[in-house]
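What follows is a short report on a single structure.
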Amino acid sequence: MTTNTVKQLGQSALTATLTTTLYTVPASTKCILKEVLLCNTDTTSRTVTLRAGASPATGVLSTLLAAVILAPGETRIFTF
C-alpha cells in the first residue's frame with residue numbers, strides 16, 4: 001500500500017537570476033507537486049520561471065511556470 005505524506009518541499013528568498021534547487025526527492029521516493037505559492041517581497045517586479053526534473057546539471061527539466069511576473073508585494077498561488 002502506498003503512503004502519501006503532505007509536506008512543504010522548500011522555501012527560499014530568491015535574490016539572483018541563477019538556478020536554485022529548492023527540493024531534492026530522496027532515492028526510492030516520488031514527489032507530486034500540487035501547489036506553489038510565490039510571494040514578491042521586493043519593491044520592484046520580479047519574473048519567475050519554475051522548472052522540475054531530474055537535475056539542472058543534466059538539462060532534463062520541464063517548465064511548470066514560464067516567466068511569471070510578480071508585482072511588488074504580490075502573492076500568487078498556482079495549483080497543478
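The values are calculated or read from the model by the stated rules, or taken from the named source; none is laboratory data. In this text the structure is predicted, and so the values were computed from the model without any measurement. Counting neighbours? That spans all protein chains shown, and the Cβs are built from the backbone with ideal geometry, glycine included. Accessible surface is based on the protein model in full, side chains and every heavy atom, while ligands, DNA and RNA are left aside. Shrake-Rupley method; radii C 1.70, N 1.55, O 1.52, S 1.80 Å.
Of these, K7, K34, which one is under 15 Å from F78 (Cβ atoms) and either modelled with pLDDT under 85 or loosely packed, with under 10 Cβ neighbours inside 10 Å (or both)?
Answer to the selection: K34.
Tell me, yes or no, whether segment 44-51 has at least one residue that is open to solvent by 90 Å² or more (accessible area, probe 1.4 Å) and under 12 Å from the mean Cα position of the chain (by Cα).
So far as segment 44-51 goes, yes, one or more of its residues are open to solvent by 90 Å² or more (accessible area, probe 1.4 Å) and under 12 Å from the mean Cα position of the chain (by Cα).
Tell me the residue from T29, T41 that is open to solvent by 80 Å² or more (accessible area, probe 1.4 Å) and of a type in the set (S, T, Y), please.
Working: T29 fails: open to solvent by 80 Å² or more (accessible area, probe 1.4 Å).
Within the list T29, T41, the selection yields T41.
When you check T20 against the structure, is it in contact with a Cys (Cβ under 7 Å, 6 or more places away or on another chain) and either on the phi > 0 side of the Ramachandran plot or open to solvent by less than 80 Å² (accessible area, probe 1.4 Å) (or both), yes or no?
Spelling it out, it is not the case that T20 is in contact with a Cys (Cβ under 7 Å, 6 or more places away or on another chain) and either on the phi > 0 side of the Ramachandran plot or open to solvent by less than 80 Å² (accessible area, probe 1.4 Å) (or both).
I'm trying to understand the selection: among the residues of segment 61-74, which are in a strand (DSSP E or B) and surrounded by 11 or more Cβ atoms within 10 Å (Cβ to Cβ)?
L61, T63, L64, L65, V68, I69, L70
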